[in-house]
Amino acid sequence: MPSTSYNPDTSELTRRIYGSIYGLAIGDALGAPIEFSPPGSFTPVTGFRTGGPFNLPAGTWTDDTSLALCLIESLVECNGCDINDQMQRFVRWYQEGHLSATGHCFDIGTTTRSALHHFFATGDYQSREIDDHSAGNGSLMRIAPVPLFFHKEPHKAIYFAGESSKGTHNHPAAVDACRYFAGLIVGALQGISKEKLLSPLYAPIPDYWDERSLVPEIAEVAMGSFLTKEPPEIAGSGYVVKSLEAALWAFAKGRDYRESVLLAVNLGGDTDTTGAICGQLAGAYYGIDGIPDEWCRNLAKEELISEKVRDLIHAIELV
Ligand code: MG
Ligand code: MG
């Protein structure tokens, strides 16, 4: 359990919020040592290990978690979703290693990097053109804090998840992946069953997607594409549509948090990110006490993560 603040009497909602953020960071840390490895080319992951493209110590998380922590900090300090403030914190992470596991930014996705450069040069995230090649998973991997913060008002949770994506990922597929996934996280916090969460076009608001439709490629996933496919059709890709599909495949198939994230990272490819996406939802669904204690304790800078979740919970109580 989180070492510095876990209280066995905390409510189920609190357990789910801790679960979602720890779930994200642990999925990221499990996948990092084999990031970019083709499926089948590595000894299957069963726990934290050292190595990978950045030669990280076991339990070290990457950009996925740093950006999620930046989002928490911004939501708490702004008491809401201020995209300019989020972007400023992302730039601090990129330039100064703010909220990184190692003291510096050692990895960054191409779309995020070009968005941060544009923002740094112009001070404006909205003036960037939509690039057809930018439908990456870099906003989905960090999104959980937004639906967690706004969970009492599901319309806002979904809307602001899409808006927050646009800071770095304004491609409609990336935006809609974040909107749909935010709905799943809100549903998980409400204790909705897995079967219902994964039913066609689930939203925490009835018939929500009828009026505010998803782009066709995300709608296809939300209709349940992941229930009828298996690897190699399911793949740990950097493309947000495939990434969402892979994370949901692992969540659907896994019988608990552990099994779900291990299925996600063992797909290979963009392993830390598939793990981080699956982990946000699986952690919200199973709660912090559904996550192996050993993984929580051995996470890099666990006190920092615990402190940020505590700040988030405190802010949510005040909303
Ligand atoms: Mg990463
Ligand atoms: Mg990645």
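Numbers at a glance
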| item | result |
| --- | --- |
| Count of residues meeting criterion [open to solvent by less than 30 Å² (accessible area, probe 1.4 Å) and part of a helix (DSSP H, G or I)] in segment 208-237 | 8 |
| Which numbered condition residue 299 misses (of (1) in contact with a Leu (Cβ under 7 Å, 6 or more places away or on another chain); (2) not in a helix (DSSP H, G or I)) | (1) |
| Matching residues, segment 123-164, being in a loop (DSSP other than H, G, I, E, B), of a type in the set (D, E, K, R) and open to solvent by less than 60 Å² (accessible area, probe 1.4 Å) | 124, 128 |
| Residue that is nearest to ligand 2 (Cβ to nearest atom) [pool: residues in segment 99-108 that are open to solvent by 30 Å² or more (accessible area, probe 1.4 Å) and within 17 Å of residue 303 (Cβ to Cβ)] | 102 |
| Number of positions in segment 247-290 that are in contact with a helix residue (DSSP H, G or I) (Cβ under 6 Å, 6 or more places away or on another chain), open to solvent by less than 10 Å² (accessible area, probe 1.4 Å) and within 13 Å of ligand 2 (Cβ to nearest atom) | 12 |
| Segment 307-319 residues that are within 10 Å of residue 14 (Cα to Cα), paired with ones that are surrounded by fewer than 16 Cβ atoms within 10 Å (Cβ to Cβ) and at pLDDT 95 or above (beta carbon under 7 Å, 6 or more apart) | none |
| Residue 11 being closer than 20 Å to residue 191 by Cβ and at pLDDT below 95 | yes |
| Where a residue in segment 109-122 is under 10 Å from residue 87 (Cβ atoms) and surrounded by 15 or more Cβ atoms within 10 Å (Cβ to Cβ) and its partner, wherever it lies, is at pLDDT 95 or above and of a type in the set (A, V, I, L, M), with Cβ under 9 Å and at least six apart | 115/87; 116/87; 116/91; 116/108; 119/87; 119/91 |
| Residue in segment 79-90 that is surrounded by 15 or more Cβ atoms within 10 Å (Cβ to Cβ), modelled with pLDDT under 95 and over 27 Å from residue 54 (Cβ atoms) present | no |
| Total residues in segment 245-270, condition more than 22 Å from residue 218 (Cβ to Cβ), among the acidic types (Asp, Glu) and in a helix (DSSP H, G or I) | 1 |
| Residues of segment 40-56 classified as surrounded by 15 or more Cβ atoms within 10 Å (Cβ to Cβ), farther than 21 Å from residue 256 by Cβ and either more than 15 Å from ligand 1 (Cβ to nearest atom) or small (Gly, Ala, Ser) (or both), total | 2 |
| Whichever residue in segment 172-207 is buried (at least 19 other Cβ atoms within 10 Å of the Cβ) and among the aromatic types (Phe, Trp, Tyr) and, among such residues, is nearest to residue 143 (Cα to Cα) | 181 |
| Number of the condition not met by residue 93 [criteria: (1) touching a Leu at 6+ places or on another chain (Cβ under 7 Å); (2) open to solvent by less than 10 Å² (accessible area, probe 1.4 Å); (3) more than 14 Å from ligand 1 (Cβ to nearest atom)] | (3) |
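The values are calculated or read from the model by the stated rules, or taken from the named source; none is laboratory data. Keep in mind that this is a model prediction, so the values were computed, not measured. Here Cβ is always computed from backbone atoms with ideal geometry, including for glycine, and neighbour counts include all displayed protein chains. Protein only, heavy atoms only, side chains kept; ligands, DNA and RNA dropped before computing areas. Shrake-Rupley method; radii C 1.70, N 1.55, O 1.52, S 1.80 Å.
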